[in-house]
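Have a look at the structure below before the remarks.
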Amino acid sequence: MQETYDLHCHSTASDGSLTPAEVVHRAKLQGVTSLALTDHDTINGQKEAAETALSNNINYIPGIELSTTWENKCFHIVGLNIDPTNKPLITGIENLQTLRSERAKKIALKLEKRRIPNAYESVVKAAKGGMITRSHFADFLLSQHYVSTKQEAFDRYLGKGKTAFVSTIWADLADAIDWINQSGGVAVVAHPLRYKLTASWLRRFLSSFKEMGGQGIEVVTGRSTPDEIRRTLQYANQNELLASIGSDFHTPDNKWVELGRLAPLPESIKPVWELF
Ligand code: AMP
Ligand code: MN
Ligand code: MN
Ligand code: MN
């Protein structure tokens, strides 16, 4: 049987639109055989995802996407095959959740100054107890017709340096890697080409990541072009990182990104799941 891995996706526990069970059911329909749900800074969807995967004969890998800061820049680190009951990991996540909720209030205050009221109440309601992300603010701005696309919400208000952007110091990169490692997991750089870094910054980042105990990098993501896969493969090899693959699926509304719909990993590189 053909194996199909998808090791990066989101549910209603963070900024996805499907519940963890719905994500697993959809993955099954899409032919995914090994799945990791990797919500932003929370493990709340893990139990439901694992149980649904078990009854649907999908190999489930516990996961998370941690928000981290290195040299004042934000990087997303996916933790795969983590132990969701690990105490230091849970404490680290709880700190990130506090940061997220404080940031959400600050974003709402900035929007209020731009005569956009009620953002905080609306995103809290929309997140239904899940992590509040900028994606929720973008949905709010769209639904209230302050912008006409989600992209415009980031371009005008939420993106780095824009009027409602709140600079946040997330978990220290080294700490986040430690939490993942000592919970038995593997730390993976999420979507390495999405940080708008120069090649030399990206190289510096990756060598620090490796030095701190990081072991993997996403070589294939939902919208990777063949050229992007080639470039990322080089970065992986230069730093002796293993390859991961994940769609970063958030919602069926985005027709460009689907669970399991991914280019194959290049055969020359060792996949991260050899470490699980
Ligand atoms: P946060 O982690 O709260 O800063 O939110 C980041 C999330 O917002 C990402 O994980 C994406 O899901 C979403 N996002 C970031 N940039 C964009 C964009 N340009 N258009 C749509 N969604 C975006
Ligand atoms: Mn997201
Ligand atoms: Mn991300
Ligand atoms: Mn993601």
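Results for (1) in a strand (DSSP E or B); (2) free of Cβ contacts under 8 Å to residues at least 24 places away in the same chain; (3) surrounded by 14 or more Cβ atoms within 10 Å (Cβ to Cβ), shown as yes or no for each residue.
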| site | (1), (2), (3) |
| --- | --- |
| Gln234 | no, yes, no |
| Val257 | no, no, yes |
| Gly260 | no, no, yes |
| Ala263 | no, no, yes |
| Glu274 | no, no, no |
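Of the residues Leu37, Leu66, the single one that is within 26 Å of Lys196 (Cβ to Cβ) and within 16 Å of ligand 3 (Cβ to nearest atom) is Leu66.
For the stretch 137-163, residues that are within 10 Å of ligand 1 (Cβ to nearest atom), more than 17 Å from Asn254 (Cβ to Cβ) and part of a helix (DSSP H, G or I) total 3. Does Glu94 satisfy the condition of being among the acidic types (Asp, Glu), more than 16 Å from ligand 4 (Cβ to nearest atom), surrounded by fewer than 23 Cβ atoms within 10 Å (Cβ to Cβ) and under 20 Å from the mean Cα position of the chain (by Cα)? So Glu94 fits the description; yes. For the structure I just gave you, tell me whether Glu240 is of a type in the set (D, E, K, R) and not in a helix (DSSP H, G or I). So Glu240 passes the test. Any residue that is touching a residue at least 40 places away in the same chain (Cβ under 8 Å), crowded, with 17+ Cβ neighbours inside 10 Å and in a loop (DSSP other than H, G, I, E, B) - is there at least one of those in the stretch 175-189? The answer is yes, given that some residue of the stretch 175-189 is touching a residue at least 40 places away in the same chain (Cβ under 8 Å), crowded, with 17+ Cβ neighbours inside 10 Å and in a loop (DSSP other than H, G, I, E, B). Of all the numbered requirements in (1) away from ligand 2 (no atom under 16 Å from the Cβ); (2) closer than 25 Å to Ser135 by Cα, Ser247 misses one, and that requirement is (1). Are any residues in the stretch 16-49 of a type in the set (A, V, I, L, M) and surrounded by fewer than 19 Cβ atoms within 10 Å (Cβ to Cβ), and if so, which ones? Answer for the stretch 16-49, where residues must be of a type in the set (A, V, I, L, M) and surrounded by fewer than 19 Cβ atoms within 10 Å (Cβ to Cβ): Ala21, Leu29. Taken over the stretch 12-34, the criterion of being touching a residue at least 40 places away in the same chain (Cβ under 8 Å), more than 14 Å from ligand 3 (Cβ to nearest atom) and part of a loop (DSSP other than H, G, I, E, B) is satisfied by Thr12, Ala13, Ser17, Leu18, Gln30, Gly31, Val32. One residue stands out among those in the stretch 101-136 that are of a type in the set (Val, Ile, Thr) and not in a helix (DSSP H, G or I): the one that is farthest from ligand 2 (Cβ to nearest atom), which is Ile116. Only residues that are within 16 Å of ligand 3 (Cβ to nearest atom) and under 15 Å from Leu96 (Cβ atoms) were counted in the stretch 44-62, giving 0. Take the conditions (1) within 16 Å of ligand 1 (Cβ to nearest atom); (2) within 18 Å of the chain's Cα centre (by Cα); (3) buried (at least 16 other Cβ atoms within 10 Å of the Cβ); Pro252 misses just one of them, which is (3). For the stretch 84-100, indicate whether the set of residues that are within 14 Å of ligand 1 (Cβ to nearest atom), assigned to a strand (DSSP E or B), modelled with pLDDT of 95 or more and not polar (S, T, N, Q) is non-empty. Taking every residue of the stretch 84-100 in turn, none turns out to be within 14 Å of ligand 1 (Cβ to nearest atom), assigned to a strand (DSSP E or B), modelled with pLDDT of 95 or more and not polar (S, T, N, Q). Scan the stretch 36-68 residue by residue and report those that are within 14 Å of ligand 4 (Cβ to nearest atom) and part of a strand (DSSP E or B). Residues satisfying the conditions are His40, Gly63, Ile64, Glu65, Leu66, Ser67, Thr68.
The values are calculated or read from the model by the stated rules, or taken from the named source; none is laboratory data. It should be emphasised that the depicted structure is a prediction, and the values quoted were computed from it without experimental measurement. Heads up, the Cβs are rebuilt from the backbone with ideal geometry, glycines too, and the neighbour counts pull from every protein chain shown.
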